[in-house]
Amino acid sequence: MMTKIKVILVDDHAILRAGLKLLLEAEKDIEIVEEACNGEELMNKLTVTETDLIILDLSMPGINGIDLLKLLKTKKTYKNIRILVLTMHTEEEYIREALAAGADGYVEKSAFDTELLTALHTVMKGETYLNNKNALSMLNTMIKNDNDDNPYLLLSKRELEVLRYLARGYSLAEIGSQLHLSLKTIDTYKTRIFTKLDISKKSELVNYALRYKLFDLPEK
């Protein structure tokens, strides 16, 4: 018997969810196991429902899609769930923010009837999905900003963790305790961060963290 891809739809528009459900359940290998109209409802349903993929809108009442992405991607319980963003937002800044928050793919609502199935199967293979237009735009931006100070391009995951604690005012000893690392190791990470970002003052680090919204600390 064919193993079906279990999908949860998260969007505050019931009519859109109905259309998505109709489209997806016409496929033999897809099953819609739940629907949710906001982030809180999704989190409640995830406690009792297993899923392989979440199709997620970015603009919803309550917790927004970006914050919901971050929440899901920091919880070990949900680390294997693929997340495909389906949104009306076409601007590159939304795409970059969604991917940085952990989205596995990005589809515009205006093209969901032609792209969604391709995107779904792409992310279920462990790959990231962007349509050709968005991928080209992102590539051009990366080339143009080859020396960009984007933290997700410059810093390692551990360096980002240390940066977040430093920006919040934690001492090196306190950071070492939080991350279970020695004081010397934390000091080395701090030196690397300041060198990579070409900064020398704590105030510059705080401003950098504010610009890239890096104040969320990793979940323990």
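The values are calculated or read from the model by the stated rules, or taken from the named source; none is laboratory data. Computed from a prediction, not measured in an experiment: that's the story for all the values here. A quick note on method: Cβ atoms are made from the backbone with ideal geometry, for glycine too, and the neighbour counts reach across all protein chains shown. For accessibility, only protein heavy atoms count, side chains too; no ligands or nucleic acids. Shrake-Rupley method; radii C 1.70, N 1.55, O 1.52, S 1.80 Å.
Key figures for this structure:
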| read-out | value |
| --- | --- |
| Accessible area, probe 1.4 Å, largest first, for residues S182, S177 | S177, S182 |
| Loop-resident sites, segment 1-48, for trypsin sites (Lys or Arg not before Pro), counting at most 10 other Cβ within 10 Å (DSSP) | K28 |
| Heavy-atom SASA rank of Y152, Y208 (probe 1.4 Å, accessible area, largest first) | Y152, Y208 |
| Residue-by-residue Karplus 3J(HN,Hα) for segment 103-109, coefficients 6.51, -1.76, 1.60, Hz, glycine and proline x | 4, 8, x, 9, 10, 7, 4 |
| Accessible area of S200 in the full protein assembly, 1.4 Å probe (Å², nearest 10) | 90 Å² |
| Relative contact order (%) - the chain, alpha-carbon pairs under 8 angstrom, separation at least six | 13 percent |
| Rounded percent of accessible protein surface that carbon and sulfur make up, segment 26-75, 1.4 Å probe | 47 percent |
| Probe 1.4 Å, accessible area per residue of segment 12-171, Å² | 52 Å² |
| Solvent-accessible area of E127 with every protein chain in place, 1.4 Å probe, in Å² to the nearest 10 | 90 Å² |
| In order through segment 64-69: 3J(HN,Hα) via Karplus (6.51 cos²θ - 1.76 cosθ + 1.60), integer Hz, x for Gly, Pro | 7, x, 5, 5, 5, 4 |
| Selected from Y78, N132, Y94, residue furthest toward positive end of dipole (segment 24-139; charges at beta carbon) | Y78 |
| For Y129, distant residues with modelled amide H under 5 Å away | G105, Y106 |
| Hz values of 3J(HN,Hα) by residue in segment 178-190 - Karplus curve (6.51, -1.76, 1.60), Gly and Pro given as x | 5, 9, 6, 10, 6, 4, 5, 5, 5, 4, 5, 4, 4 |
